[in-house]
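The values are calculated or read from the model by the stated rules, or taken from the named source; none is laboratory data. Owing to the predicted nature of the structure, the values given are computational and were not obtained by experimental measurement. Cβ coordinates were reconstructed from backbone atoms using ideal geometry, including for glycine residues, and neighbour counts include every protein chain displayed. When the accessible area is computed, the model is the full protein with side chains, heavy atoms only, and any ligands, DNA or RNA have been set aside. Shrake-Rupley method; radii C 1.70, N 1.55, O 1.52, S 1.80 Å.
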Amino acid sequence: MSKISVRDRNKNTGRKPNWGYRFEIAKVNGKRQWASESGFRTKKEAEEAGAKAFADYNGITVQNKYASISVSDFIDIWIEQYCTPNFKYNSQKAYIQVINQYIKPALGKYYLTKITSIIVNEFISEVVKGNKSPRLYYRILGVLRSVFTYAIHPLRIINNNPTDYIKIPKSAQKKKPKEREVVTPEEFGTIMELYPFGNKFHIPLLLGWYNGMRHGEVFGLVWEDIDFKNKVINVERQDEVSRLKGDIVEIQCSPPKYDSVRKISIGDNLLQELLREKQRQEKAEALAGDEGYISYIKDDATIIQVKKKLRPDLTGKKIVHPIIIADNGRIICRAYIEQVCRKISKQLGKNITFHCLRHSNTTTLYENGVPVKAIQQRLGHKSPETTMKTYAHNTQKMTDIAVSTIDDCLIHSLNSCGQNVDTLLN
């Protein structure tokens, strides 16, 4: 390994000392290379600076810095350096909750470099005993895996991930998820009777069933996203979390899931319904005057809504008009849609969530012969496999079509070989 050398560059010159350090680093094109710096007043200063530079270059500083760190303190570093930049707000909130409630109280006191699979496994077993929710188990395990993985790479503090050897208890194993209900066109007609035009939930339900849009995408829409001329809805964002502060509503937005920014073509019927709603809102806004609301995009990820009389300086801001608003013009938070779905479930006798509308859209299109690739692009899925495996539900209509198709093929086959079909079938 290279050694650090120090020397006074002004030695025997009569000038003030100019100490510097130097050590060899990796060769480039077969030629020796050096890291060096000078300008230090004393030999000691040069030696200390050289030692630090040498440690930084060889990755020793990072390892020494974290050699005696606790799991609790390292989790704080993980949150700052990895969790916050990479996860959406709601995910961060969920992770921090299990960290503070479960992980830190049980494992935070251990040295990061000393924690073992046995310690982690005992902790996980206690969690399972005290809570029957598999979701909680997997969330805790997921956070721990991410924390320890970050400690392995890129920081190189530990060599092995203690969660790699965790055995999943039977009581925590994931059960097969319940298949989501499909809302038929006839049932959606019933929903539209419950929430007719003019109701604040009419449009979000219509967009969910007609376009298969995620609820975050629906509630993040603004009128500027709709191209009435070309009959296209531009899906560019989804609302992540809404904050109410008196007369101010702040919506934190993010790109659609899996960055599925896309254009959804729509037909004349939906287009006319949206146009009617837009005109209705414009009339209501004109009547409201200064008591009405104005919305603008503060940055690429935040929509702010305030009363017109509280209008801030909008220089450089993009004025937008959210689609999903109450009669008074105030933005509706998507949390209210859960109450709507409970009412719909009671009416239809099914367990309906807003996401069921997305499944229903896929199934309706598929059973009517729309190519899977076209459905995938409308939904914003990463692959056609996701569309088929998760969203295209088998229905009685699909079964009837399958039976009819194979039955017709049978008749064609028998006729082609000269057999009397009527005699054979009788």
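Tell me which of these Thr353 doesn't satisfy, since it passes every other one: (1) in contact with an Asp or Glu (Cβ under 9 Å, 6 or more places away or on another chain); (2) among the hydroxyl-bearing types (Ser, Thr, Tyr); (3) at pLDDT below 90.
(3)
Within the bounds of region 83-91, is there any residue that is within 14 Å of Ala151 (Cβ to Cβ) and either open to solvent by 30 Å² or more (accessible area, probe 1.4 Å) or not polar (S, T, N, Q) (or both)?
Initially, region 83-91 is screened for residues within 14 Å of Ala151 (Cβ to Cβ), giving 83.
From the residues that got through so far, the ones that are either open to solvent by 30 Å² or more (accessible area, probe 1.4 Å) or not polar (S, T, N, Q) (or both) too are 83.
Yes, the conditions are met somewhere in region 83-91.
Counting only residues that are assigned to a strand (DSSP E or B) and within 18 Å of Pro255 (Cα to Cα), which one in region 294-308 is most open to solvent (accessible area, probe 1.4 Å)? Quick ask: steps written out before the conclusion?
Looking only at region 294-308, we keep the residues that are assigned to a strand (DSSP E or B), and these are 294-299, 302-307.
After this cut, where a residue has to be within 18 Å of Pro255 (Cα to Cα) as well, the list is 296-299, 302-304.
Details: Tyr296: 23, Ile297: 30, Lys298: 98, Asp299: 67, Thr302: 7, Ile303: 8, Ile304: 11 Å².
Result: Lys298.
Could you list, in sequence order, all residues of region 235-249 that are touching a strand residue (DSSP E or B) at 6+ places or on another chain (Cβ under 6 Å), open to solvent by 40 Å² or more (accessible area, probe 1.4 Å), in a strand (DSSP E or B) and touching a residue at least 40 places away in the same chain (Cβ under 8 Å)?
Once the filter is applied, which keeps residues that are touching a strand residue (DSSP E or B) at 6+ places or on another chain (Cβ under 6 Å), open to solvent by 40 Å² or more (accessible area, probe 1.4 Å), in a strand (DSSP E or B) and touching a residue at least 40 places away in the same chain (Cβ under 8 Å), region 235-249 yields only Ile248.
Report, ordered by the first and then the second residue, all pairs with beta carbons closer than 6 Å, sequence separation of six or more or different chains, a first member in region 203-223 that is farther than 16 Å from Glu236 by Cβ, and a second member that is outside any helix (DSSP H, G or I).
Pro204/Ile324; Leu205/Tyr195
Name every residue in region 70-82 that is surrounded by 16 or more Cβ atoms within 10 Å (Cβ to Cβ), farther than 30 Å from Gln238 by Cα and not aliphatic (A, V, I, L, M), in order of residue number.
Once the filter is applied, which keeps residues that are surrounded by 16 or more Cβ atoms within 10 Å (Cβ to Cβ), farther than 30 Å from Gln238 by Cα and not aliphatic (A, V, I, L, M), region 70-82 yields Ser70, Ser72, Phe74.
Looking at Thr315, is it β-branched (Val, Ile, Thr) and in a helix (DSSP H, G or I)? Quick ask: steps written out before the conclusion?
On the way: β-branched (Val, Ile, Thr): yes; in a helix (DSSP H, G or I): no.
Spelling it out, it is not the case that Thr315 is β-branched (Val, Ile, Thr) and in a helix (DSSP H, G or I).
For region 145-155, indicate whether the set of residues that are in a helix (DSSP H, G or I), β-branched (Val, Ile, Thr), within 26 Å of the chain's Cα centre (by Cα) and surrounded by 19 or more Cβ atoms within 10 Å (Cβ to Cβ) is non-empty.
Step one: of region 145-155, the residues in a helix (DSSP H, G or I) are 145-152.
Still in the list and also β-branched (Val, Ile, Thr): 147, 149, 152.
If we keep only those that are within 26 Å of the chain's Cα centre (by Cα) as well, we get 147, 149, 152.
Next, only the ones that are surrounded by 19 or more Cβ atoms within 10 Å (Cβ to Cβ) stay: 147.
Checked against the condition, which is being in a helix (DSSP H, G or I), β-branched (Val, Ile, Thr), within 26 Å of the chain's Cα centre (by Cα) and surrounded by 19 or more Cβ atoms within 10 Å (Cβ to Cβ), region 145-155 yields at least one hit.
Could you list, in sequence order, the residues of region 126-144 that are hydroxyl-bearing (Ser, Thr, Tyr) and either touching a strand residue (DSSP E or B) at 6+ places or on another chain (Cβ under 7 Å) or open to solvent by 40 Å² or more (accessible area, probe 1.4 Å) (or both)?
Taking region 126-144 as the starting set, the residues that turn out to be hydroxyl-bearing (Ser, Thr, Tyr) are 133, 137-138.
Correct list: Ser133, Tyr138.
Only one of Ala51, Ala67, Ala26 is open to solvent by 40 Å² or more (accessible area, probe 1.4 Å) and in a loop (DSSP other than H, G, I, E, B); which?
When all the criteria are applied, what remains is Ala67.
From Arg358, Arg311, which residue is buried (at least 20 other Cβ atoms within 10 Å of the Cβ) and among the charged types (D, E, K, R)?
On the way: Arg311 fails: buried (at least 20 other Cβ atoms within 10 Å of the Cβ).
None of the other options fit; the residue is Arg358.
Right, Asp327: open to solvent by 60 Å² or more (accessible area, probe 1.4 Å), in a loop (DSSP other than H, G, I, E, B) and in contact with a Gly (Cβ under 9 Å, 6 or more places away or on another chain) or not? Reasoning before the result, please.
Working: open to solvent by 60 Å² or more (accessible area, probe 1.4 Å): yes; in a loop (DSSP other than H, G, I, E, B): yes; in contact with a Gly (Cβ under 9 Å, 6 or more places away or on another chain): yes.
It is true that Asp327 is open to solvent by 60 Å² or more (accessible area, probe 1.4 Å), in a loop (DSSP other than H, G, I, E, B) and in contact with a Gly (Cβ under 9 Å, 6 or more places away or on another chain).
With surrounded by fewer than 18 Cβ atoms within 10 Å (Cβ to Cβ) and either of a type outside the set (D, E, K, R) or at pLDDT 90 or above (or both) as the only criterion, which of Glu291, Glu285 stands out?
Numbers: Glu291 fails: either of a type outside the set (D, E, K, R) or at pLDDT 90 or above (or both).
Testing whether each residue is surrounded by fewer than 18 Cβ atoms within 10 Å (Cβ to Cβ) and either of a type outside the set (D, E, K, R) or at pLDDT 90 or above (or both) leaves just Glu285.
Out of the residues in region 99-124 that are surrounded by 15 or more Cβ atoms within 10 Å (Cβ to Cβ) and over 18 Å from Thr149 (Cα atoms), which is modelled with the lowest pLDDT?
By that ranking, first place goes to Phe123.
May I ask you to list the residues in region 204-234 that are open to solvent by less than 10 Å² (accessible area, probe 1.4 Å), in a strand (DSSP E or B) and over 19 Å from Lys298 (Cα atoms)?
Ile233
Scan region 102-155 for residues that are among the β-branched types (Val, Ile, Thr), in contact (Cβ under 8 Å) with a residue 12 or more places away in the chain and closer than 25 Å to Gln81 by Cα and jot them down. Spell out how you get there, then give the answer.
Step one: of region 102-155, the residues among the β-branched types (Val, Ile, Thr) are 103, 113, 115-116, 118-120, 124, 127-128, 140, 143, 147, 149, 152.
With the extra rule that they be in contact (Cβ under 8 Å) with a residue 12 or more places away in the chain, the set shrinks to 103, 113, 115-116, 119-120, 124, 127-128, 140, 143, 147, 149.
Across region 102-155, the qualifying residues are Ile103, Thr113, Ile115, Thr116, Val120, Ile140, Val143, Val147, Thr149.
For residues in region 2-23 being closer than 15 Å to Ala55 by Cβ and part of a loop (DSSP other than H, G, I, E, B), which is least open to solvent (accessible area, probe 1.4 Å)?
Ranking the qualifying residues of region 2-23, first place goes to Ser2.
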